[in-house]
Amino acid sequence: MIEAARRISRISIVAAAALVTLMALAVQAKHHHHSSTAKSATAGEFDYYLLSLSWAPTYCLTHTDDSDECSGKGYGFVLHGLWPQYDAGGYPEKCPTQEKLSPTAAAKGKTIYPSERLMQHEWQEHGTCNGSDALTYFNEADQATAVVKIPSALQAPRSSQTLTAQSIIDQFQRANAELPEGAMTLSCSRAELSEVRVCLTRNLKPRACGRGVRTTCPKVPLNIPASR
């Protein structure tokens, strides 16, 4: 009896030690996986772009003081940003760079973004991770907006609409036959359309989005406020 009890005790100790080892390995593996996807922010090191087109009327509902974008401008979709992304998920931001926002680049940026404040923000947050100078980045953002055709029914309508997320995506896919499956997502402010986002290669060709890029809108009819 005593010998059997000792044997069971030794087995329990070995099993406990093995469990601790497995838990340690699991934690180590988890940290290794995290570090493999959360890359350091290095300019020029990314896999693809996420083009974000903001629905200005929704933005203006809560930013009436932004006279550059709102105040009767009549905008529909406007460029929010061209964001470098990682295939494995996540994105770089505020990358260290020697490049500056030159007067020439700023002049270009003012022609493609609805406000100077947004243009400066996009350069600091995302453009610095592009790996090129600011003028080249803004030229790429300008070219990217031309890649995506806006459906006629969503070109600054004068009356509000109610559509499901899938209906909006279907309209964009009919207007852009080259969009592959999984290349487009939507972002909402509660049940109001905020942004349409399209994934592009580094050569600005439509492609499927990477990990973690998905539609965040509720599965209810979405309000699309009229242009103002």
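Derivation of every value follows stated rules applied to the coordinates shown; laboratory data play no part. Computed from a prediction, not measured in an experiment: that's the story for all the values here. Cβ: placed from backbone, ideal geometry, glycine included. Neighbour counts: every protein chain shown.
Separation of the alpha carbons by more than 28 angstrom is noted, of Lys73/Lys94; Lys108/Lys219; Lys108/Lys205, for Lys73/Lys94; Lys108/Lys219. Normalised by the number of residues in the range 48-224, the mean separation of alpha-carbon contacts (under 8 Å, six or more apart) gives a relative contact order of 28 percent. Full extension of the segment from Thr162 to Arg174, taken as 0.36 nm per residue of separation minus the current Cα-Cα distance, would add 2.5 nm. The alpha-carbon of Lys100 sits under 16 angstrom from the alpha-carbons of these aspartates and glutamates, leaving out residues fewer than 8 places away in its chain: Glu116, Glu122, Glu125, Asp133. If r is the Cβ-Cβ distance from Gln120 to Arg211 and R0 is 30 Å, what FRET efficiency results, to the nearest 0.05? Approximately 0.50, to the nearest 0.05. Each of Thr42 and Thr104 was given a label point 7 Å from its Cα along the Cα-to-Cβ line. The distance between the two points is 2.9 nm. Here is the list for the range 60-158: GluC sites (Glu not before Pro) lying in DSSP coil, each with at most 15 other C-beta atoms within 10 angstrom of its C-beta, are Glu93.
First check a/c for the range 48-224, with a ≥ b ≥ c the square roots of the eigenvalues of its C-alpha gyration tensor; if it is under 1.5, answer rounded, and if not, answer prolate when a/b is larger than b/c or oblate otherwise. Note, shape of the range 48-224 comes out oblate. Cα centroid separation, the range 92-111 to the range 51-79: 22 Å.
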